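*Asks:* Dropping the structure in here first, questions after.
Derivation of every value follows stated rules applied to the coordinates shown; laboratory data play no part. If you're wondering where the values come from, they're calculated on a predicted model, not measured in any experiment. Quick reminder, even Gly has a Cβ in these numbers, built from the backbone with ideal geometry, and neighbours come from all protein chains shown.
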Amino acid sequence: MKQDMTLPENNLRVKEAESGDWKIEKFEIVEDMSMTIFNMRSAGRSVVPGWYWKLKHGSTVVMSNTPAEIRDHRVFICKAQGNVLINGLGLGVINEILLAKPEVEHITVVEASEDVIKLTGVHYENEPRVTIVHDDAFEYKPPKGVRYNAVWNDIWNDICSDNLEDMKRLHRKYGRKADWIGSWCRYECERQWRENQKWERQWNMFRPSPKLEEAAKKLQEDSNGIKL
């Protein structure tokens with residue numbers, strides 16, 4: 001299988017550039033690399049050979065337009081119609097996909113980094129269906145009376161259960177203003193949280209009780225003749 005260049009996510013408006021600590025780079029996946037190179041933000045998924053873009057913050061790859069990563073947004077892409085809000089600009093991948101949907105009337109993108117806007121947002125200055133807002137997703141105040149058909153939160157660099165608290169905050173903030181709201185890889189983050197809880201419970205089952213730990217410590221002090 002080869003990369004389909006007719007898809008909007010493979011024809012981004014970006015170019016190789018750098019602003020502050022942020023950088024956009026183009027990279028190639030060849031046939032013999034496709035089974036060993038993985039999705040930029042979560043390991044374990046192969047990439048179809050072809051040319052791709054990645055957004056880096058320092059040495060960290062924040063996102064790419066690889067097929068595996070595009071699939072992370074498939075629910076939102078299906079839900080998007082009418083007036084939508086996206087928290088997180090990145091490479092503008094989702095913008096391109098939504099602009100190919102006639103039922104999407106307008107896209108508002110909230111991006112906290114001015115450098116990312118300089119790298120990506122500048123390419124949407126003449127796009128009437130896209131508005132780029134320089135603001136923090138947690139602080140942004142939508143115009144009074146505005147309601148969104150769908151809201152999507154994608155402000156994290158990797159899949160981690162620590163992201164769940166931020167997701168809950170954003171869902172509370174925008175939930176009343178949206179018909180539907182979702183966050184990037186929330187299910188995977190919740191699954192990771194459940195796994196962590198399971199391992200913690202198992203650890204606690206074999207962990208000595210505080211009284212036993214104190215008795216062992218006292219016994220060691222007595223045998224050494226010194227207080228630890």
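*Asks:* Consider a paramagnetic label point 7 Å from the Cα of Glu125 along Cα→Cβ; state which residues of the range 67-98 have an amide N under 20 Å from it.
*Replies:* In the range 67-98, the label zone of Glu125 (backbone N under 20 Å from the point 7 Å along Cα→Cβ) covers 89-93, 95-96.
*Asks:* Can you give the net charge of the other residues whose Cβ lies under 12 Å from the Cβ of Asp115, counting K and R as +1 and D and E as -1?
*Replies:* Summing Lys and Arg as +1 and Asp and Glu as -1 gives -1.
*Asks:* Counting other beta carbons within 10 Å of each Cβ, put Met205, Met167 in order, fewest first.
*Replies:* Lowest to highest Cβ neighbour count: Met205, Met167.
*Asks:* Here is a further query. What is the sum of charges, Lys and Arg at +1 and Asp and Glu at -1, for the other residues whose Cβ falls under 13 Å from the Cβ of Glu25?
*Replies:* So the environment of Glu25 carries a net charge of +2.
*Asks:* Same structure, new question: Using the Cβ atoms and a cut-off under 11 Å, what net charge is assigned to the surroundings of Gly92, where Lys and Arg are +1 and Asp and Glu are -1?
*Replies:* Net local charge, Gly92 excluded: -3.
*Asks:* What share of Cα pairs, in percent, lie more than 22 angstrom apart in the range 70-188?
*Replies:* Roughly 27 percent, once rounded to a whole number.
*Asks:* Just to verify a number: FRET efficiency for Lys15 and Lys198, C-beta to C-beta distance, R0 = 41 Å, to 0.05?
*Replies:* Efficiency at R0 = 41 Å is approximately 0.35.
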